[in-house]
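Chemist: This is the structure I have questions about; it appears just below.
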Amino acid sequence: MINSACESYRSDVEQVAAKYDMSAYVDLILALMMQESSGQGTDVMQSSEGAYNTQYPQTPNGITDVDYSIACGIQELKYSMAKADVTGPNDIASIKLALQGYNFGADVYFNYLEKNGITSWSEESSKAFAEIASGETERSKEDPLYDTAGPWDYGDQYYPEHVLRYYHS
């Protein structure tokens, strides 16, 4: 369920989504926002480290303008969805790939998938990518992210499942 903080951004998300031909994905965008920030803070889409952020520091929570965060996040998601060949809001298999690309970085993630002949998301392939991307650096078992985001010190290896629990296409 999307909380009231995220729902309060629905009209903003609808406006920006329309600008980028993403209107069919407003509920997915809000689900992503729910996972990223629960609608809290100014970088509600946690998009400051992405390629579309050219105005703020590319560091965690670097964006201090909610509308800009939404615009950057929607563009990042659209790019990742194009890489995943998402055909519509019900194409969950491709949406899973797109979401993982949003979390890991679309270019590097999709290059890895192509190089390894991987065509669908799985926890195993996500962990295998994170192992390489982390330089084989494991999270400590005491790290709160170990259980929630995966054993490798890179991104959230369960990200699609975490976003999709808030999404009802």
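Chemist: I need every pair where a residue in region 94-105 that is in a loop (DSSP other than H, G, I, E, B) has its Cβ under 9 Å from the Cβ of a residue that is among the charged types (D, E, K, R), sequence separation at least 6 or different chains.
Modeler: 105/49
Chemist: With the structure loaded, tell me whether residue 141 is modelled with pLDDT under 95 and either part of a loop (DSSP other than H, G, I, E, B) or under 28 Å from residue 6 (Cα atoms) (or both) or whether it fails that test. Write out each step before concluding.
Modeler: Numbers: modelled with pLDDT under 95: yes; either part of a loop (DSSP other than H, G, I, E, B) or under 28 Å from residue 6 (Cα atoms) (or both): yes.
Yes.
Chemist: Can you report the number of residues in region 81-93 which are of a type outside the set (Val, Ile, Thr), surrounded by 14 or more Cβ atoms within 10 Å (Cβ to Cβ) and outside any helix (DSSP H, G or I)?
Modeler: 3
Chemist: In addition: Looking at the structure I just gave you, is residue 33 out of contact with any strand residue (DSSP E or B) (no Cβ under 6 Å at 6 or more places or on another chain), surrounded by 14 or more Cβ atoms within 10 Å (Cβ to Cβ) and either within 19 Å of residue 98 (Cβ to Cβ) or modelled with pLDDT under 95 (or both)?
Modeler: Yes; evaluated as a whole, the condition is true for this residue.
Chemist: Among the residues of region 113-125, are any surrounded by 12 or more Cβ atoms within 10 Å (Cβ to Cβ), out of contact with any Pro (no Cβ under 9 Å at 6 or more places or on another chain) and either aromatic (Phe, Trp, Tyr) or on the phi > 0 side of the Ramachandran plot (or both)?
Modeler: No.
Chemist: Just checking, which of 67, 43, 12 is at pLDDT 95 or above, surrounded by 23 or more Cβ atoms within 10 Å (Cβ to Cβ), in contact with a helix residue (DSSP H, G or I) (Cβ under 7 Å, 6 or more places away or on another chain) and among the acidic types (Asp, Glu)?
Modeler: Values: 67 fails: surrounded by 23 or more Cβ atoms within 10 Å (Cβ to Cβ); 12 fails: surrounded by 23 or more Cβ atoms within 10 Å (Cβ to Cβ).
Among 67, 43, 12, only 43 is at pLDDT 95 or above, surrounded by 23 or more Cβ atoms within 10 Å (Cβ to Cβ), in contact with a helix residue (DSSP H, G or I) (Cβ under 7 Å, 6 or more places away or on another chain) and among the acidic types (Asp, Glu).
Chemist: Shifting gears a bit: Within region 15-30, how many residues are surrounded by 18 or more Cβ atoms within 10 Å (Cβ to Cβ) and either outside any loop (DSSP other than H, G, I, E, B) or of a type in the set (Phe, Trp, Tyr) (or both)?
Modeler: The first filter runs over region 15-30 and keeps only residues surrounded by 18 or more Cβ atoms within 10 Å (Cβ to Cβ), leaving 16-17, 22, 25-26, 28-30.
Narrowing further to those that are either outside any loop (DSSP other than H, G, I, E, B) or of a type in the set (Phe, Trp, Tyr) (or both): 16-17, 25-26, 28-30.
The number of residues fulfilling the criteria is 7.
Chemist: So residue 60 fits all but one of (1) modelled with pLDDT of 95 or more; (2) in a loop (DSSP other than H, G, I, E, B); what number is the exception?
Modeler: (1)
Chemist: Another one. If residue 114 satisfies all but one of (1) touching a residue at least 12 places away in the same chain (Cβ under 8 Å); (2) in a helix (DSSP H, G or I), what's the number of the condition it fails?
Modeler: (1)
Chemist: Could you tell me how many of the residues in region 134-169 are over 21 Å from residue 112 (Cβ atoms) and surrounded by fewer than 13 Cβ atoms within 10 Å (Cβ to Cβ)?
Modeler: 8
Chemist: Shifting gears a bit: For the structure I just gave you, tell me whether residue 130 is surrounded by 23 or more Cβ atoms within 10 Å (Cβ to Cβ) and hydrophobic (A, V, I, L, M, F, W, C). Steps first, answer last, please.
Modeler: Numbers: surrounded by 23 or more Cβ atoms within 10 Å (Cβ to Cβ): yes; hydrophobic (A, V, I, L, M, F, W, C): yes.
Considered against the rule, which asks whether it is surrounded by 23 or more Cβ atoms within 10 Å (Cβ to Cβ) and hydrophobic (A, V, I, L, M, F, W, C), residue 130 comes out as yes.
Chemist: Cβ contacts < 7 Å: first residue without any contact (Cβ under 8 Å) to a residue 24 or more places away in the chain, restricted to region 145-161; second residue among the β-branched types (Val, Ile, Thr) and surrounded by fewer than 19 Cβ atoms within 10 Å (Cβ to Cβ), any location; separation 6+ or different chain. Result?
Modeler: Taking only residues 6 or more apart or on different chains, the pairs are 153/137.
Chemist: Quick check on my filter: what residues within region 24-79 are of a type in the set (A, V, I, L, M, F, W, C) and free of Cβ contacts under 8 Å to residues at least 60 places away in the same chain? Please lay out each step first, then the result.
Modeler: As a first pass, look at region 24-79 and keep what is of a type in the set (A, V, I, L, M, F, W, C): 24, 26, 28-34, 44-45, 51, 63, 66, 70-72, 74, 77.
26, 29, 33, 44, 45, 51, 63, 66, 71, 72, 77, listed by residue number.
Chemist: Going through region 156-169 one residue at a time, which ones are part of a loop (DSSP other than H, G, I, E, B) and modelled with pLDDT of 95 or more? Step through it out loud before you land on a result.
Modeler: In the first step, residues of region 156-169 are kept if they are part of a loop (DSSP other than H, G, I, E, B); the result is 156-158, 165-169.
156, 157, 158, 165, 166, 167, listed by residue number.
The values are calculated or read from the model by the stated rules, or taken from the named source; none is laboratory data. Every value quoted in this text rests on a predicted model; they were computed, and no experiment measured them. Every residue, glycine among them, receives a Cβ derived from its backbone with ideal geometry; neighbour counts consider all protein chains shown.
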